[in-house]
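Note sheet for the following structure.
The values are calculated or read from the model by the stated rules, or taken from the named source; none is laboratory data. Source: prediction; values computed, not measured. Ideal geometry is used to build each Cβ from the backbone, glycine not excepted, and the neighbour counts take in all protein chains shown.
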Amino acid sequence: MVRLLVDREAVQGRVGELGAELRADYQGVEPILVSVLRGGVVFLADLVRAAAMPCLVDFMAISRFDASEDTGVVRIEKDLDLDLSGAHVLVVEDIVDTGLTLTYLLRVLAARVPASLRVCALLDKRARRIVDVPLSYVGFEVPDVFLVGYGLDLDERERGRGELLAVDDLEAVRDNPALLDLPTRPNEAWRPPRA
């Protein structure tokens, strides 16, 4: 029903590795890290600390149209405050699945003429991919299951968990959220292969 997919040590270890990669790749420049509210905030905060490099941070908030699941087109509710023209921009995503929304956002951001535009995703749910989208940095490739924790929510709750849980029976968990608190042993953690 609920499985420990990636334990907190594996999450933090991989975020540390991604931070080191960013520090090396962006040496000598001050990139703008852009995150879409709300899911990416937890990952972004830890990534900024792990990278320990000069950077700027900005946020977008989006809402979906009814048809956006098929098109990826979204309404921008809160736009960026920073000017991206000539800047090195890194979009920090919690999870990429179909690629539709991210492709749309990348087009919107590219129109602002940054010097570079790359993506860092903690989770790549490649099994759901409809549109191939370039991911420069990936934490983990994950299976096509509902995920909760480390920024990913269940009805706007559970974002603060340090681990990632796979929920196989979403309705049962909605009926009884205490199922998310079942004890799990660290040796039950599945550590997905890195991209």
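If you filter the stretch 1-31 down to residues that are outside any helix (DSSP H, G or I) and in contact with an Asp or Glu (Cβ under 6 Å, 6 or more places away or on another chain), you find that the one that is surrounded by the fewest Cβ atoms within 10 Å (Cβ to Cβ) is M1. A single entry from L135, L102 fulfils the requirement of being under 12 Å from the mean Cα position of the chain (by Cα) and crowded, with 21+ Cβ neighbours inside 10 Å: L102. What do you reckon, is A127 surrounded by 20 or more Cβ atoms within 10 Å (Cβ to Cβ) and either assigned to a loop (DSSP other than H, G, I, E, B) or of a type in the set (G, A, S) (or both)? Spelling it out, it is not the case that A127 is surrounded by 20 or more Cβ atoms within 10 Å (Cβ to Cβ) and either assigned to a loop (DSSP other than H, G, I, E, B) or of a type in the set (G, A, S) (or both). Applying a threshold of 6 Å to beta carbon distances and a minimum spacing of six or more residues, or different chains, the list of pairs starting in the stretch 30-54 at a residue that is in contact (Cβ under 8 Å) with a residue 60 or more places away in the chain and within 13 Å of L122 (Cβ to Cβ) and ending at one that is part of a helix (DSSP H, G or I) and among the small types (G, A, S) reads L47/G19.
Pick from the stretch 36-49 the residues that are in contact with an Asp or Glu (Cβ under 8 Å, 6 or more places away or on another chain) and of a type in the set (A, V, I, L, M): which of them is modelled with the highest pLDDT? The extreme case among them is V42. Of the candidates G28, G13, the single residue that is more than 13 Å from the chain's Cα centre (by Cα) and within 13 Å of G139 (Cα to Cα) is G13. If we keep just the residues of the stretch 93-138 that are touching a strand residue (DSSP E or B) at 6+ places or on another chain (Cβ under 7 Å) and polar (S, T, N, Q), which is farthest from D25 (Cα to Cα)? Here the answer is T101.
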